[in-house]
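**Q** Submitted below is the structure of interest, expressed as structure tokens.
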Amino acid sequence: MTAIRIDGKAAAQGIRDRVAALVPAFQERIGRAPGLATVLVGEDPASAVYVRSKNRSTAESGMVSFAHNLPVTTSEDDLLQLVIDLNADSQVDGILVQLPLPSQIDATRVIETIDPGKDVDGFHPVNAGRLASGLPSLVPCTPLGCLYLLKQELGDLTGLDAVIVGRSNIVGKPMAQLLLGEHCTVTIAHSRTRDLPGVVRRADIVVAAVGRAEMVRGDWIKPGATVIDVGINRVPTAEGKARLVGDIAYDEVAGVAGAISPVPGGVGPMTIAMLMRNTLVAAHRRAGLPDPEGL
Ligand code: GUN
């Protein structure tokens, strides 16, 4: 079997187009476009690329981007004060503080200071708790993008066995909550799970988010399973360059799975599309409007 290649780039473009189509009605009604503030502390090249891409996508959607670039020496108090100011700024609907942060700053304190209604990353404990309780919340962008791809591929997910490899607050745990909400039977596995290949082999849906290059092998996969790869790992090539690979051994797994998301071009573009979606949703809720339809 050769698996269907799940085109995250095309799906993401579709979502971004729908967000862009909904912005003018919001602007007409409220008198301003939705606004997203991004905060980048330091000059980590990968983080700088991600944040630039988020700002560009915001502008392309017709929303307003407020980019704050702070030096790597920024104190925790100064960053907390910026977050407090952004919480109070009526033009700002979403606040995204790019992680990781320099070691002098406690990321948990920063996340807990963000107004949960503006927490477009969905990292605030209030949003995590609301998601776990089945209440309306802002949901982390990456798992939301994975769920969108899974529903696009499979339709109704009721009763399917889902195995998530990875237990992070950003991906693994919220992914489990989302799949429970779709009536899947959910297992969260991780690097210390006993017989990890055997556990993964039971799954109709595999979501890999462990951060280990090509860890999930072809013989771990039930024939026909749908496989979503959240990993982004840089590995050196024979020519001394760097190559991006996921947490899935793509070529092996593509020979067994029913469908698989590639790296790059799978989950990555969906994360930014869902950030645009969350910003639009946050703006609607803050303005007392119902959630936009079709997102
Ligand atoms: N760093 C890596 N991924 C993310 C993300 O989704 N949000 C934030 N804020 N930082 C990140």
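**Q** Hey, rough spin-label estimate for D161 and D85, points 7 angstrom out along Cα→Cβ, what's it come to in nanometres?
**A** Result: 5.4 nm between the two label points.
**Q** Now for a different question. Be a star and scan the range 146-180 for residues whose amide nitrogen sits under 16 Å from the point 7 Å along the Cα-to-Cβ vector of T193.
**A** Under 16 Å, as judged by backbone N against the label point of T193, lie 160-169, 171-180 of the range 146-180.
**Q** A further question follows. Does anyone have the angle between helix 76-88 and the longest principal axis of the chain? Alpha-carbon axes, 0 to 90°, nearest 10?
**A** 70
**Q** Let me ask you something else. Please give the Cα centre distance for the range 251-281 versus the range 207-225, rounded to the nearest Å.
**A** 15
**Q** Roughly how many nanometres apart are two label points built 7 Å out from the Cα toward the Cβ at E60 and S75?
**A** Rounded to a tenth, the inter-label distance reads 4.0 nm.
**Q** For the range 162-227, what relative contact order do you get, as a whole percent, if you take Cα pairs closer than 8 Å and at least 6 residues apart?
**A** 38
**Q** Where in the range 227-267 does the amide nitrogen come within less than 18 Å of the point 7 Å from the Cα of Q13, taken along Cα to Cβ?
**A** 262-267
**Q** Next up: Using θ = phi - 60° and the Karplus curve 6.51 cos²θ - 1.76 cosθ + 1.60, what whole-Hz ³J(HN,Hα) does each residue of the range 213-221 get, with Gly and Pro shown as x?
**A** 3, 6, 6, 7, 9, x, 7, 8, 9
**Q** If you don't mind, another one. With springs only between Cα atoms under 10 Å apart, run a GNM on the chain and tell me which of R130, R217, R194 wobbles the most.
**A** Comparing R130, R217, R194 in the GNM, the peak value goes to R194.
**Q** Taking the 0 to 90 degree range and rounding to the nearest ten, how far is the long axis of helix 141-154 tilted relative to the main principal axis of the chain, both from C-alpha atoms?
**A** Here the helix axis deviates by roughly 50 degrees.
**Q** Within the accessible area of the chain, what % is carbon and sulfur when the probe is 1.4 Å and the other protein chains stay in place?
**A** 52
**Q** With each label point set 7 Å from Cα along the Cα-Cβ vector, what nm distance links A132 and E28?
**A** About 4.2 nm separates the two model spin labels.
**Q** From the helices alone, meaning DSSP H stretches of at least four residues, give me the mean residue ellipticity at 222 nm for the chain, per-run term -39500 (n - 2.57), in deg cm²/dmol to the nearest 500.
**A** Roughly -13000 deg cm²/dmol at 222 nm, from the helical runs in the chain.
**Q** If I histogram all Cα-Cα distances within the chain using bins 10 Å wide from 0, what percent of pairs lands in each bin?
**A** 6, 27, 34, 23, 8, 1
**Q** Counting heavy atoms of the protein chains only and a 1.4 Å probe, report the per residue accessible area for the range 171-224 as a whole number of Å².
**A** Averaged over the residues of the range 171-224, the accessible area is 48 Å².
**Q** Still on this model: How far is helix 267-286 tilted off the main Cα axis of the chain, in degrees rounded to 10, range 0 to 90?
**A** It works out to around 40 degrees.
**Q** Another question, then. Name the most mobile residue of L179, L36, L160, meaning the one with the largest mean-square fluctuation, in a Gaussian network model of the chain with Cα contacts below 10 Å.
**A** So, out of L179, L36, L160, the one fluctuating most is L160.
**Q** Here's another thing I want to ask about it. R277: accessible area at probe 1.4 Å, nearest 10 Å²?
**A** The value for R277 is about 40 Å².
The values are calculated or read from the model by the stated rules, or taken from the named source; none is laboratory data. The structure presented is a predicted model; accordingly, all values stated were derived computationally and were not measured. As a convention, Cβ positions derive from the backbone with ideal geometry for all residues, glycine included, and neighbour counts pool all protein chains shown. Accessible surface areas use protein heavy atoms only, side chains included; no ligands, DNA or RNA. Shrake-Rupley method; radii C 1.70, N 1.55, O 1.52, S 1.80 Å.
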